[in-house]
1. I'd like the FRET efficiency for L321 and S53, computed as 1/(1 + (r/R0)^6) with the beta carbon distance as r and R0 of 41 Å, rounded to 0.05.
2. Once you have the alpha carbon radius of gyration of region 193-271, what is it after dividing by 2.2 N^0.38 Å, with N set to its residue count?
3. Between the alpha-carbon centers of region 190-262 and region 76-100, tell me the distance in whole angstrom.
4. Evaluate the relative contact order of the chain (contact order divided by residue number), counting alpha-carbon pairs under 8 angstrom at least 6 apart; express in whole percent.
5. Please report Rg (one decimal) and Dmax (integer) in Å for the Cα set of region 153-290.
6. Determine which aspartates and glutamates satisfy two conditions relative to K80: a Cα distance under 12 Å, and not lying fewer than 8 residues away in the same chain.
7. Any idea what the alpha-carbon Rg over 2.2 N^0.38 Å comes to for region 183-368?
8. Where in the chain are the DSSP H helices whose alpha-carbon span along the long axis reaches 20 Å or more and whose Kyte-Doolittle mean is at least -1.0?
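Here, each number is a calculation from the coordinates, and none is a lab measurement. What you are looking at is a predicted structure, and each value in this text was computed from that prediction instead of being measured. Here the Cβ positions follow ideal geometry from the backbone for every residue, glycine too, while neighbour counts run over all protein chains shown.
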Amino acid sequence: MNVAVVGCGQLARMLALAGWPMGYRFSFLAMPGENRGCVEGLGTIVEFQPEQSMEEIYEAMGKPDVVTVEREHLDVELLKAFQPFCAVCPSPDAVKICQHRGREKRFLNGLGIPTAPFKLAANDDELRQGVAEMGFPVLVKTCEEGYDGYGQWMLRTEEDFAELMALDSRPELVIEGLVKFEREVSLVAARNTEGEVAFYPLTENYHSNGILLTSIVPAELPSPELAEQAEEIGRKVLEAMDYVGVLAIELFVTDDGLVVNELAPRVHNSGHWTQALNVSSQFENHLRAITSLGLGNTQPSQCVGMVNLLGCRPTKEQQSLSNVQVHQYNKSLRPGRKVGHLNLWSDDRAQLLDQLNSIKQDLYGPDSV
Ligand code: AMP
């Protein structure tokens, strides 16, 4: 099986690392200037040249059986152009929905799935009117291209609003009401070409400045019904999109149940813990899903967690812990850059949380916990 991935980041790397033992071969499509360090040595890297025909690109990539993605911010037309040659999973239409926060929220609301209240603003008048109608505080986000908290403005006062208006230009924006949430969780879901669906247990996530720092499983939930509600949401989304592959759903836990923050049409940082213990990782299940195999086990036998390595390397002491699995992405250090993660596990959730927090503190200081 020959799998092509659009993108050369750490998610592409981990897909390939999961697929090599299965006998799969990989190629990666790099945009001009894209950093390729993560996938070096893991397959053929082809640089996208707009003047090349799709046939030439398809051939340069080794005539893949299936093309997949490791990020949602890409040219959907490019994905569509692969369709005469091979399968494309997830479909370009599914990726397109997830590329735009407004489109995504409308799609979810259309399925009866709650999101933050929102208004779209394509120009300054709509922005002024939208903020006035929603009232402070609001969170304003770019509709496209935003990730990890970038492209977001928290507006609490007229002064904050004036600062946003003083920017030279503004892309299309979504104005979101603030959701009062108790915690943040995510559902990593998989659906294969035959429509078989599997869910990993809900993951509880802790962010700092919009960037994921740690995850722990099982999530602590105010009521067990929330896990069922999450799977119901997951099933509806997967089926409505006729989705094939792994999809992640970021959720807020509120007093009124779950509210969806956003969808990611790909393997997800909050699912990295699935590389540990006896489960089929999200990477393996994504590959199984898009190559018409049955899905593997998604239920870990112990509590499990993950700490992101943001602009830092793990200490020798951390790497030496007997319940720690180290993943580094072959990236150079830059402040805040995701260069790796640690997975760790324990029979005891409280003990695991303590260990996660102590590693987090060692890496990022006492204020991080
Ligand atoms: P996002 O880029 O949409 O994933 O947002 C990054 C983080 O900002 C989320 O993980 C939340 O912690 C917070 N956040 C985003 N949207 C909202 C909202 N509507 N209400 C409250 N917090 C939010």
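1. Once the sixth-power term is evaluated, E becomes 0.20.
2. Taking N as the residue count of region 193-271, the ratio is 1.10.
3. Spelled out, the Cα-based centre of one part sits 23 Å from the other.
4. Relative CO of the chain lands at 14 percent.
5. Using the Cα atoms of region 153-290, the pair Rg, Dmax is 17.1, 53 Å.
6. Cα-Cα hits under 12 Å: D93.
7. Here the Cα radius of gyration is 1.01 times the empirical estimate.
8. Sorted by number, the helices that extend far enough and score high enough are 225-240, 349-364.
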